[in-house]
Structures are given as structure tokens and as C-alpha cells.
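Here the structure comes first, spelled out in C-alpha cells, and everything after it is commentary.
Every read-out reported here was derived from the displayed coordinates using simple, explicitly stated rules and does not represent laboratory data. The model shown is predicted, which means the values in this text are computed figures rather than measured ones. So basically every Cβ, Gly included, is an ideal-geometry build from the backbone, and we count neighbours across all protein chains shown.
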Amino acid sequence: MNQRPPPTFSYAPPAGPPPSSDYKSRDSKAFFDGKNEPPVRHWPIHSQHVATVTPLRGFIIVFDALLASTPIMFIALALVAARLNEKTVSDYGHKLGQTLLLSPTVFPILFAALMGRCFKHVGLFLAERGTTLGRLEQLVGCQSLFSAIERQIALRSWSIIGLLLTMVWCLSPVGGQSALRLLETESKAVNSVGTYHYLSPLASQDSVLMGASAINTGRSTFTSLFLAALLSSTKYQNTPMDLWGNVKMPLYSSITNSTSSEMQAIPNGDGQNVTYASLIGIPVSGVRSSGYSNYNLRARQWNISCDSNQEMSPNATSFGKLTATWKLNNTDGLCTKYPCNLSLKSIDNSGNFSVASCKMSYEHFEAIIGCNGTICQADEMRKLDLLSDGYTQDYDDFTRSNLLRNMLNILPTVDNYGVADAGARASTNMERWMIDPWSFIGAKYDNVDLYKLPPDVLAERLTILVNTFFQATYATTALGGNLPKNLTELADESPFLTFNSTQADITDVSELIYRTKWRWFAALLVSSIILQIAAYAGLVLKYITLAPDIIGYASSLTLLNPYTPTPTGGTTLHGLERAALLYDMPVKIGDVCAGEPVGAIAMARADLGRVGGLDRRRIYI
């Protein structure tokens, strides 16, 4: 049975004058050739110019211009953020920051809309003037990063244009993320130089240990200061400052060999316990109450090392009269040079004696002190020549012959001076502190066994005791803080009670300021400018191109298609206009040669009975 051949259709409107400018008069009902089909309203039935301006088109032009100008917003955001650089944090900046948080969402959306329209209108512009189908497909189909890569692969054309299109689409995430990272806050630092003053190491020459009369006069002072520092040591032993706020010097022997340089770093990090040479620190005047500062100070301290510590019987120790529970003796009688030979003897719990053989030296050090406000700590330390900074050989002779000798005699009796039978009063606070610095306070009527301590541990704790006691015997009016503004007033009582000046590098941290990240600023500005250029280029090309926008629309498959008959004319319609007028047309992609041995695939009207279904087993041209 032979099928009736499909009818032919005329797509040329009848000749006649252009329609009136009145929208109602120029549009009317357009009928299909079939008698039973409803007409299409507002279908252009007269010949007309392309790209004519109508009220609707004018509104669209205004809308397109506004949409194409939206990248200016991101350019403005970048410039405003640049102006906020190093400005104080404010409500205005906070609102800007809240706006920037929306950028990772808004920027890619606008980028996709504007850049996709630009490529589409570039393709339409070239199509009107003649181009290749591959180039047209590459431009029109480049609506996202994925589609740009897909076109490169599917078209099997790895061209420079395709690579540039892919790179342009990479600006979408870059622009969105750069806005998010454009601005941050930080503290503003102002660097300056100041002058601090620290207690001169020569102040030790005015120690009350210089003679018997001075010792008796100063006993109440050094006893209270020394015992206050000792009894508070459970809290302040490992802190960088003493209980009066003076900065403490680390024990140099505990940090040496950490580096090969002359200046040794002090491990102040978390979990690091620094051993300090004394429980009393060095008074410093003029430290700023805010900001960060660094300065150098110099001080002298005693250092003790022990090579043996053992228990001995009373007959083997030559302890002498029990005027104290422990004694410190210079075994050479008089120390003529360093190190001085020293012995420590202490009554133990069994009635025997702990006896340690040690060596003692007086040393000079310099430390770099770092402060956060008035909270300071030693960060680095180095050893200096003892005879320097005004400390002469005569001063050192006086230190060894007077100060050292009296210190060794007085220290063991600080807390039981004048007791008739000191040997029956059990161990002193100093002995109990050496055996256990963290649990020694309280009335315990027994003696401690110092011989159980390793020699190096005993030496370290004895060093701390000696230095603490020695510092409690001089410059006592400067230890409690609240130093006078005129430090020379302190020298009225003692010519050695002077302060050395030191230069401090000070960093003041002011209020929070904004800091613009210039790399992200450049990324946002470049992305936004490129997007703005593309948006305006697409806008201009859209309205200078006379060809109707039919590329990329499903309705364009009905244009001059014999299998989808439409009313006469309509070739000037844009894709969306055509789709709106033919909205209810039933269509189907199928076999338009269903009765033939070889099929053909096309889009056709589905209600005319001239398109069949597709079959995997059938052959198509």
C-alpha cells in the first residue's frame, strides 16, 4: 500500500508592506495549511525587517545592559578592600566582609551567565559573517568549564581557541575564592627603641657578707628574703620571674651544648622546664606594660659541680662541733683561684654524714630577655669573661676572700641561727629543699639523707641555694619592685647600687587593622575585568548582529523543517520567541521514513502520523 506523499509547504510570506508600528495591528492569527489545526496567535504574517525595536525588545535591552554591568560590583569590592588596607577595623569593614562571604556563590553564577552569553553571541556574530561549523559549535557549546573541555575532546580539535576558552572558565572559581580571601584582620605592629635599666652586677660588692658587723646588721633582711624565696619555690622554681617580678637567669650549665654558636638558645617551649640559677631574679626598670620588647642584661652567678656524694661515718668526716646540721667548707682554707674546692657535709637520718666533694666558680653571663608586656623570660644566653664590665681582679679577690668565705659559713645557719643545739633540731629547710624541692615545708623532726642524691642533682640544687642566698644579701631595696623613677636615689645608700642601661627593641601591638591580600586582590580584579569586558562585548555583539538568535534552541529545529510544518513566515523570530509561539506543538525525534527499507532520523510533528519510533535493529541514513 503506497503512502500519500507529504505535502509541501511555503515558507515565504506574501509580499506586502511592512506591518504597522502598532503591535496589535501588525500581529494576527496565522493558520496552518491543515484545516483542523488551531491558528497561532501573534505569528508574523507580513515581511518585516530583522532586529526591529519593539517595546519588549527595548525593555530587554535595558535589562541586558544592567546584567552586563554587574561585574562592576566585584571590581568595586576589590577597590574598596584595597582602600581598607591598614585601616582600623570598623562596622563598615565588617559589612564589607559579610558581603565578600557571598562572593563564592554569586560570582560563579554571574560568570556563567555573562561569559556563556558572550561566547554564544560571538558565535552568532561569526555565523552571520561566515565561519566553520566546528568553530561555531566550540563557541556556542562553551557554557561551562566541563563543556569547554568536552568540546575539545568530542570535536577532536585541540586548538588554541579551545585552550583559551578552558582557561577563561577557570577564572570562575578563582574569582569567587579570591573575594573570600581578599581581606583579613591582624594586629598592627609599631617598632621603636627604648631604654631599660637593670641592676648592675657590681652591686654584689656591697653585699652584707663583707664583714661580721654588716652581717649582723643585715641578718633580718637577708633571712626573710632568702626564706621567702625558698618557701615559695614550689610555685616559682621553674617560672622565668620570681615572686617579686624580677627576671631570672637560667643555669648556664643546664643549657650548654644545645647549639654550636656562642649564644645558647633556652628551651622555653611547651613541656620544657628551664632550670634557673637562683630563686631571686634581676631587677629591671622601665619595662613597658604593653607590647613586646627584647633587651640584653648581664649578671654574675655561682656555679657548683660535684664529683662524689656518699655516706660516711662521723669519725671519717671531721664535721666538728654540731653547731649546724650541715656545713659548707672550702677545703683549701682560702680560695685563690677558680674553681674553689668545696665540701658539703650533712647529718643523715642514721647518725652518719652525707659528704659531697664539689668545685665552685664565679661566672659572668649575658642573656637576651624577651617580654610580653611586663612578663619576661630569658631566650638566649652566653658566657662572658669574668673580669669585664668594671669587675677587676681586686673585686674578685674581695669576693673570694670575704664574700665567699662568709657565705659558706652563714648559709647553713640561716633558719636556726643562735640555736644552742642545732644538731638536735633535725635538718634545716635548705637540706629538706635539696632532697625534695617540691615537698619540704613543715615540721619534720628527722634528718634527710642527702647522700642518696646523684652528684649532679645535688650540685644543681646547691647552686640554686647559693645563688639565691647570695642575691638576698645585696641590693635588697631594689628586689621588691616599685623602683623609683630616679634610680640614682638608690645609690645614696650604697655607691654600688647602680643600674646599667640597655637598649630595648619594642614592638607595640595596636588595635586590629585590615590587611588586603594583594595576590587575591589581583586575582579578583583581573577576573572581574575580564568578565566585564566579556559582558559588554556580548551585549554589543548581540545588538549589532542582525541574524536572529536561533543557535542552541530546541525551537530552531522547526525552522524550515518540512517535517515540522509551521505557518508561513517566522524566519525573523529568535529562538525563545519561536518556542513561545509554538509552545504546544507536539514534536518527536524519530524515523521519518518508517515505510522505507532504510530509515531517516529527524525531528517531526508527532501528531501527523508521519514519524515512527527508533529501533536498534533498523538501519538509518
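For the peptides 305-318, 522-535, the ranking by packing is 522-535, 305-318, with the highest mean count of neighbouring Cβ atoms within 10 Å listed first. Computed extension gain for ASP508 through TYR445, at 0.36 nm per residue and net of the alpha carbon distance, reaches 17.3 nm.
Using a cutoff of 8 angstrom between alpha carbon atoms and counting only pairs six or more residues apart, the relative contact order for the range 243-351 works out to 19 percent. Once the convex hull of all Cα atoms in the range 494-563 is built, its volume per residue stands at 168 Å³. For the range 411-519, the relative contact order works out to 16 percent when only alpha carbon pairs closer than 8 Å and six or more residues apart are counted.
Mean projected area of the Cα convex hull of the range 141-234, taken over all directions, amounts to 16.5 nm². Relative to the current alpha-carbon distance between ARG129 and LEU608, full extension at 0.36 nm per residue lengthens the span by 168.7 nm.
Computed from Cα atoms, the angle from the helix 55-68 axis to the main principal axis of the chain rounds to 20 degrees. Rounded to the nearest 10 degrees, the inclination of helix 160-180 to the longest alpha-carbon principal axis of the chain is 50 degrees.
Treating each Cα of the chain as one equal point scatterer and applying the Debye formula with no solvent, the log10 of I(q)/I(0) at q = 0.10 Å⁻¹ comes out as -0.96.
So if R0 is 30 Å, what FRET efficiency would TRP158 and ILE589 give, r being the distance between their Cβ atoms, rounded to the nearest 0.05?
0.45
Computed from Cα atoms, the angle from the helix 518-544 axis to the main principal axis of the chain rounds to 10 degrees. Taken along its three principal axes, the alpha carbon spread of the range 87-168 comes to 56, 26, 19 Å, from the longest extent down to the shortest. Considering every alpha-carbon pair of the range 439-563, the percent of pairs per 5 Å bin, from zero through the bin containing the longest distance, is 2, 6, 6, 7, 7, 6, 6, 6, 5, 4, 4, 4, 4, 4, 3, 3, 3, 4, 5, 5, 4, 2, 1, 0. Normalising the average separation of contacting C-alpha pairs (under 8 angstrom, six or more residues apart) by the number of residues puts the relative contact order of the range 133-177 at 33 percent. Gyration tensor over the Cα atoms of the range 220-259: the corresponding equivalent ellipsoid has semi-axes (square roots of 5 times the eigenvalues, largest first) of 25, 11, 9 Å.
Applying a 4.7 Å Cβ-Cβ cutoff to the chain, the cysteines left without a disulfide-compatible partner are CYS118, CYS142, CYS170, CYS593. At a Förster distance of 30 Å, what's the computed FRET efficiency of SER220 paired with THR323, Cβ-Cβ distance as r, to 0.05? Using R0 = 30 Å, I get an efficiency of 0.90.
Calculated [222 nm] ellipticity per residue, helices only, for the chain: -10500 deg cm²/dmol; basis is -39500 (n - 2.57) per DSSP H run with n ≥ 4, divided by all residues, nearest 500.
Just the number: Rg to Rh for the range 378-527, Cα atoms, Kirkwood Rh, two decimals.
Over the Cα atoms of the range 378-527, Rg/Rh equals 1.21.
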